[in-house]
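*Asks:* Starting off with a structure, shown below.
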Amino acid sequence: MARYALVVGIEEYDSEHLNSLSKSVADAEDLAKLLEEYGDCPHNHITLKGGRVSIDKLVQAIKTFLNEKARNQEAIIYFSGHGVLEEKQGQLTDTVSKKGYLAASDCQLKKDGDRFVVESNGIPLEEITKLINESQLSSLVFILDACHSGALIKEIDNSFNIFRNNTTYYFLAACQPYEDSWARKNKRHSEFTGALLDALSQDRANEDGIVTAGQAFERAEKTLQNSRQKPTFFGKGSSFPLVTYPVTSLFKENTSQSAEISDDDIKILKPYLQLINPYVLAWAVMEGISVYALKQWLDSDHSLGVESFLAVVREKFYKQPDGTYSLISVLQALVNHPNIQEEKNTQKIIQWLRRIRPGIVLDNTINLRQQLKAYLLVVSEQERLKDPLYLTAHLKIEGKALIPLTVQPNQQSPYQSHPDNPGIVICQLSEDDSLEKTISQYLQELLNQRCAPYLLGIPSDYKLLIEIFLPFDYLAESVDLWSIKKIKHRKLGGEYRVIVRSYERLSDPEFQRRLREGWKQMKTIDREDLCNCLKRLEEEPNYNYAALENELREQRSIGLSCLLPETAADREELFFALHETGVPLALWLRSPNLEGDYLEYFNQLLCFNYLQQDCEGLIEELFMLRQQAHGNLQPEKRWGYYAALLLDNPDRTPSLNPLKFGQ
């Protein structure tokens with residue numbers, strides 16, 4: 001059976017009784033993207049409607065989907081917007097009848113006492129269920145993210161009869177009949193859809209790479225158990241895999257002999273494992289199983305002991321989807337690590353493997369790259385100035401899933417763990433505190449402790465790019481000049497590749513949409529057009545930044561370079577213009593009083609070759625200039641000391657789903 005999806009996210013409403021929404025488009029777009037990539041739902045099988053959706057467009061979309069596209073097929077329906085539960089009291093009795101509607105953008109309500117009545121342009125759920133019954137779907141998942149959606153979903157169930165032909169169906173609602181469905185201003189998604197997307201992430205998949213509808217709901221419900229809404233779920237039939245992620249094993253075990261690995265076998269193996277560098281063993285867990293398996297090991301034992309290692313690979317991750325024992329997969333990766341291939345200990349492990357699995361293939365070689373790319377994504381969020389600052393971090397290793405990093409504060413730390421989410425730390429900035437004092441210590445812990453298990457065992461060189469997401473008011477912060485301790489204190493930008501990114505572009509759907517358009521333009525621009533799409537202001541000291549937004553839009557700019565404006569008002573205009581126009585790149589110097597012909601060299605940084613491959617050349621050149629400056633006895637006389645880069649790559653962003661800022 002083929003699979004089809006109808007995904008609707010309505011934000012704009014005309015009725016004075018239906019407020020406009022801010023998360024529905026992002027909710028719908030991200031779910032549609034997930035279904036396309038991992039939900040067995042090709043792009044041309046997805047009907048996506050978002051923003052303003054009139055009654056005519058909504059009716060046509062539903063009819064076409066149920067009567068034509070999904071007929072006799074698997075179907076997924078998702079709706080994020082206003083649902084209306086119309087209540088009418090009988091004229092002769094006190095009985096209150098209830099009727100549910102999905103509200104189009106032009107839906108009109110009128111008030112009848114303390115209740116609302118749909119005047120026009122709402123689609124009755126009973127009509128949708130009638131169409132569903134007639135379409136003879138092979139299976140259905142119906143997800144409704146709207147206020148009082150529990151009552152709306154229940155009404156569907158009352159008139160639903162496709163179970164007569166043993167159809168599998170699941171209904172997921174954002175809240176109970178008497179509850180509202182909530183969203184927070186500083187999040188990309190609504191509470192329910194955010195929890196649902198997190199529950200559908202790769203880290204939540206089972207050993208076969210699958211997350212079913214039932215599993216996704218259970219995890220979303222657990223995430224929201226202390227919130228102001230309680231999701232509703234019911235269904236019937238076989239399990240329905242909503243997403244399926246690719247699961248690969250680096251090596252294939254010869255499974256012709258499938259005897260269990262006994263405790264006596266483990267006793268023989270254990271002394272050899274204890275001689276292996278724990279970081280190398282950690283890498284083997286990542287390669288042989290997954291980064292999620294390594295995270296489970298770290299969560300149970302930060303020292304990466306052999307006892308806890310065996311508990312993970314023999315209990316939590318016992319077998320691979322292809323039938324390979326996880327322990328065998330890890331050991332196969334381990335004995336091919338170039339740093340330990342010559343060790344006598346490795347030969348003992350190989351002998352153990354061949355005794356346990358006669359005929360096992362061990363002559364594979366690992367396809368090593370000269371340099372592996374890794375990214376430390378540090379997100380800082382602050383609702384308003386003087387509010388607490390919330391910090392969280394993720395590590396992205398090339399070819400691996402995103403890894404959330406957890407820092408455990410001590411008594412000397414300027415921050416503390418979030419009471420409801422240990423992945424977040426909170427700090428309160430006093431008037432005397434700087435952003436550097438707080439975040440640099442957090443970075444220190446991340447770099448020295450939390451990243452190490454994932455990076456130090458990699459059998460090749462790697463380069464780490466630190467991307468710091470800052471709130472709008474802090475985008476001019478000199479993060480590359482923050483101090484970190486490596487035997488002695490050094491500047492962050494002299495030790496690591498560092499760029500600034502915008503938190504608002506991560507959390508605001510509209511800013512993110514504009515950014516994606518700008519990034520797409522930058523990736524497809526040709527050499528001849530580049531000069532016309534760059535705004536260069538470094539030689540205009542008296543530039544009027546109030547005009548920048550219009551000029552960037554008229555020029556269809558993809559980037560700019562400038563001397564950082566001296567006044568706070570001009571800096572605000574600069575960053576506001578970038579956000580409004582979706583320009584993904586800004587390069588600036590923090591000092592206007594440098595000597596020499598530095599502007600000529602600074603101007604050359606935004607050249608065509610440096611902007612290829614996600615601006616990798618630009619990042620490397622800037623890193624070299626900073627290293628040269630900080631290696632000089634008078635770094636302040638080198639212009640690399642003052643160079644800063646804002647580069648927002650929308651294809652590399654941490655998920656905000658698991659973040660519970662402010663809760």
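The values are calculated or read from the model by the stated rules, or taken from the named source; none is laboratory data. Since we're looking at a predicted model, the values are computed, not measured. Heads up, the Cβs are rebuilt from the backbone with ideal geometry, glycines too, and the neighbour counts pull from every protein chain shown. Remember, those area values only see protein heavy atoms, side chains included, never the ligands or the DNA or RNA. Shrake-Rupley method; radii C 1.70, N 1.55, O 1.52, S 1.80 Å.
*Asks:* Any aspartates and glutamates with Cα under 12 Å of the K270 Cα? List them, leaving off those in the same chain fewer than 8 positions away.
*Replies:* By straight Cα distance, K270 reaches E307.
*Asks:* Still on this model: Using the heavy atoms of the protein chains and a 1.4 angstrom probe, tell me the accessible area per residue for the chain in square angstrom.
*Replies:* Numbers: 30250 Å² over 663 residues.
Accessible surface, normalised per residue, equals 46 Å².
*Asks:* In the chain, if the dipole is taken from +1 on Lys/Arg beta carbons and -1 on Asp/Glu beta carbons about the Cα centre, which of Q382, L560, H394 is farthest to the positive end?
*Replies:* Of the candidates, H394 comes out farthest on the positive side.
*Asks:* Still on this structure, please answer the following. Could you work out the local net charge near V117, counting Lys and Arg as +1, Asp and Glu as -1, over the other residues with Cβ closer than 11 Å to its Cβ?
*Replies:* Once all neighbours under 11 Å are counted, the net charge is +1.
*Asks:* Cross-link partners among lysines for K99, C-alpha distance below 27 Å, same-chain residues fewer than 8 apart left out?
*Replies:* Straight-line reach from K99, under 27 Å: K23, K49, K57, K63, K88, K110, K111, K130, K154, K230, K236.
*Asks:* I'd like the accessible area for T567: 1.4 Å probe, protein heavy atoms, all chains in place, Å² to the nearest 10.
*Replies:* About 70 Å², rounded to the nearest 10.
*Asks:* Let me ask something else about it. Taking the Cα centre of the stretch 1-119 as the origin and placing charges on Cβ (Lys, Arg +1; Asp, Glu -1), which of V25, S80, G100 is farthest toward the positive end of the dipole?
*Replies:* Towards the positive end, the residue furthest out is G100.
*Asks:* How big, in percent, is the set of alpha carbon pairs in the stretch 449-517 lying more than 14 Å apart?
*Replies:* 70
*Asks:* Say R0 is 51 Å: what FRET efficiency, to the nearest 0.05, do N448 and D570 get from their beta-carbon distance?
*Replies:* On the way: r = 38 Å, r/R0 = 0.74.
So, using R0 = 51 Å, E works out to roughly 0.85.
*Asks:* Toward the positive end of the charge dipole of the chain, about the Cα centre and with charges on Cβ (Lys, Arg +1; Asp, Glu -1), which of L435, G209, A2 goes farthest?
*Replies:* With unit charges placed on the Cβ atoms, the residue in question is G209.
*Asks:* Let me ask something additional. Rounding to the nearest 20 debye, state how big the charge dipole of the stretch 466-544 is about its Cα centre with +1 on each Lys and Arg Cβ and -1 on each Asp and Glu Cβ. Please report the intermediate quantities before stating the final value.
*Replies:* Numbers: 16 positive and 15 negative charges, 116 e Å.
In total the dipole reaches around 560 debye.
*Asks:* Whenever you get a sec, compute what percent of the accessible area on the stretch 506-650 sits on carbon and sulfur atoms (1.4 Å probe).
*Replies:* Percent of accessible area from carbon and sulfur atoms in the stretch 506-650: 44.
*Asks:* Right, something else. If I take every Cα pair under 8 Å that is 6 or more residues apart in the chain, average their sequence separation and divide by the length, what percent do I get for the relative contact order? If you can, show how the numbers build up before the last one.
*Replies:* Values: 1203 pairs, mean separation 58.9, N = 663.
Dividing the mean separation by the residue count of the chain yields 9 percent.
*Asks:* For the chain, with only Lys/Arg (+1) and Asp/Glu (-1) charged at the beta-carbon, what is the dipole magnitude about the Cα centre, in debye rounded to 20? It would help to have the intermediate numbers written out before the result.
*Replies:* Details: 74 positive and 93 negative charges, 371 e Å.
Roughly 1780 debye for the chain.
*Asks:* May I ask you to give the percent of accessible area on the stretch 352-487 that is carbon plus sulfur, with a probe radius of 1.4 Å? Don't skip to the end; give the middle numbers.
*Replies:* On the way: 2720 of 6200 Å².
It is 44 percent, rounded to a whole number.
*Asks:* Follow-up question, since we're still on this one. Could you tell me how many cubic angstrom of Cα convex hull volume the chain has per residue?
*Replies:* Working: hull volume 134.2 nm³, N = 663.
Roughly 202 Å³ of hull volume per residue.
*Asks:* Here is a further query. Rounded to the nearest 0.05, what FRET efficiency is calculated for N345 and Q634 with R0 set to 60 Å and r the Cβ-Cβ distance? Numbers along the way, then the final one.
*Replies:* On the way: r = 50 Å, r/R0 = 0.84.
That pair, N345 with Q634, gives E of 0.75.
*Asks:* What is the percent carbon and sulfur in the accessible area of the stretch 1-116, measuring with a 1.4 Å probe over the protein chains and ignoring ligands?
*Replies:* Values: 2420 of 5700 Å².
So the carbon and sulfur contribution to the accessible surface is 42 percent.
*Asks:* Under the classification rounded if a/c is under 1.5, otherwise prolate if a/b is larger than b/c and oblate if not, where does the stretch 1-77 fall, given a ≥ b ≥ c as square roots of the Cα gyration tensor eigenvalues? Walk me through the intermediate numbers first.
*Replies:* On the way: a/c = 3.37, a/b = 1.57, b/c = 2.15.
Oblate shape, in that a/c is at least 1.5 and b/c is the bigger or equal ratio.
*Asks:* Listed highest first by mean packing, meaning other Cβ atoms within 10 Å per residue, what order do 632-644, 493-505, 437-449 come in? Don't skip to the end; give the middle numbers.
*Replies:* Details: 632-644: 17.5, 493-505: 22.3, 437-449: 19.0.
For the peptides 632-644, 493-505, 437-449, the packing ranking is 493-505, 437-449, 632-644.
*Asks:* Per DSSP H run of at least 4 residues, take -39500 (n - 2.57); add these up for the chain, divide by its residues and hand me the 222 nm value, nearest 500 deg cm²/dmol.
*Replies:* -9500 deg cm²/dmol
*Asks:* Please give the length that would be gained between K222 and S120 if that part of the chain were fully extended, namely 0.36 nm times their separation in residues minus their C-alpha to C-alpha distance (nm, one decimal).
*Replies:* Working: separation 102, 0.36 × 102 = 36.72 nm, distance 3.75 nm.
Answer, rounded to one decimal: 33.0 nm.
*Asks:* Further question on the same structure: Dipole of the stretch 263-345, Cα-centred, from +1 at each Lys and Arg C-beta and -1 at each Asp and Glu C-beta, to the nearest 20 debye? Each step should come with its number before you reach the end.
*Replies:* Working: 7 positive and 11 negative charges, 13 e Å.
Computed charge dipole of the stretch 263-345: roughly 60 debye.
*Asks:* At a probe radius of 1.4 Å, what is the per-residue accessible area of E566, in Å² to the nearest 10?
*Replies:* Approximately 150 Å² of E566 is accessible to the 1.4 Å probe.
*Asks:* Report the accessible area of K348, computed with a 1.4 Å probe over the heavy atoms of all protein chains in place, in Å² rounded to the nearest 10.
*Replies:* Spelled out: K348, probe radius 1.4 Å, area about 90 Å².
*Asks:* Output the peptides 412-422, 24-34 sorted from most to least packed, where packing is the average of other Cβ atoms within 10 Å over each peptide's residues. Kindly include the intermediate steps, with their values, before the conclusion.
*Replies:* Details: 412-422: 14.5, 24-34: 23.3.
Peptide ranking by packing, descending: 24-34, 412-422.
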